[in-house]
Amino acid sequence: MAKTYNEGESKAERKARKAKARAPEHISAQPIVVEQPNLPKAKRYVCCLKYGNKYDASYVNKLYNMVSKHLTLDHEFVCFTEDATDINPNVCIEPLPDLAVTGWWFKPMFFNPKNTIKGTLLFFDLDVVIFRNIDRLFTYKPGQFCIIRDFNRYVIRNYDKFNSSVFRLTTGQHSNVYTEFVKDARNITRRFHGDQDWIRKQIKSNYTYWPDDWIESYKWEMRGKPRFDNQPRGKRDFQTPGDPTVKDNTCVAVFHGDPNPHNCKDPWVIDNWQ
């Protein structure tokens, strides 16, 4: 390439002119990246809650196995519990907060804006069966609080209540669920049947339901509400083992009430809950 000189131009000025002439080509190929070192990198968490002895460590471990098998996105699996005995060492353990509550009433803690885990939280109850890819539970309507439309939808059209077996939020989202709860937890747990009723009371807008066919009630929607055997509540199974109706888009089966997965003798449950 021929050298070009401008009369009276110094060597430094000539170099600066040539660098400026080349700049558009290089800038178009190298987009500017603005560093924001003070912003924490958003993470994905799959969370569960284990309190007391209703469900043993095998429930946590099987949930961990199902998530590992059916979630391809990077994530960390976290169990909030007061007893980590026999839980898979690959599961991250977080302590339960110091609240005078039991069982499902710990769920408001996931709305704590000062939570130790910060990012996108996908919560599962322990009594679910995950049997297909669940990546979409993270990618669906990003930034929205997502939750199940309660399974009374099976008998009541357009039912507009929450079921908290599966929900997704961003740390700090709808923080009033937690901050209002801790102000009067004792009376709230007396006035409301369960956590999902309290969550619905607090969240009036800025939420979305998962598509109904993604997450279904195993006994009602997938098994058509069969009769139970004669065992006492908490130990009941269906009178006769059977096969569920599995829709093309369903990826999670929820076991609310009876039977619990470990009591269910349906071959489909035995094959998938592991």
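A short reminder: the numbers here are calculations on the coordinates, not readings from a lab. Please read all numbers here as calculations on a predicted model, not as lab measurements. All Cβ positions, glycine included, derive from the backbone under ideal geometry; neighbour counts span all protein chains shown.
For the stretch 43-212, lysine pairs with C-alpha atoms less than 22 angstrom apart, excluding pairs fewer than eight positions apart on the same chain, total 27. Residues whose amide H falls under 5 Å from that of Asp237, counting only those 5 or more places apart or on a different chain, are Asp229, Gln231, with hydrogens built in the peptide plane.
Once both labels are positioned 7 Å from their Cα atoms along Cα-to-Cβ, the gap between Ala84 and Arg44 label points is 2.4 nm. Once the chain from Lys204 to Thr179 is taken as fully extended at 0.36 nm per residue, the excess over their C-alpha distance is 7.4 nm. Each of Thr139 and Lys235 was given a label point 7 Å from its Cα along the Cα-to-Cβ line. The distance between the two points is 4.6 nm. Here the convex hull built on the C-alpha positions of the stretch 43-212 has a volume of 120 cubic angstrom per residue.
For Ala100 and His193, the FRET efficiency from 1/(1 + (r/R0)^6), where r spans their Cβ atoms and R0 equals 30 Å, is about 0.95.
For His256, the amide hydrogen comes within under 5 Å of the amide hydrogens of Tyr218, Lys219, counting only partners 5 or more places away or on other chains and with H modelled in the peptide plane. When a/c reaches 1.5 or more, the comparison of a/b and b/c decides; with that in mind, is the stretch 141-203 rounded, prolate or oblate per its Cα gyration tensor? In terms of gyration-tensor shape, oblate.
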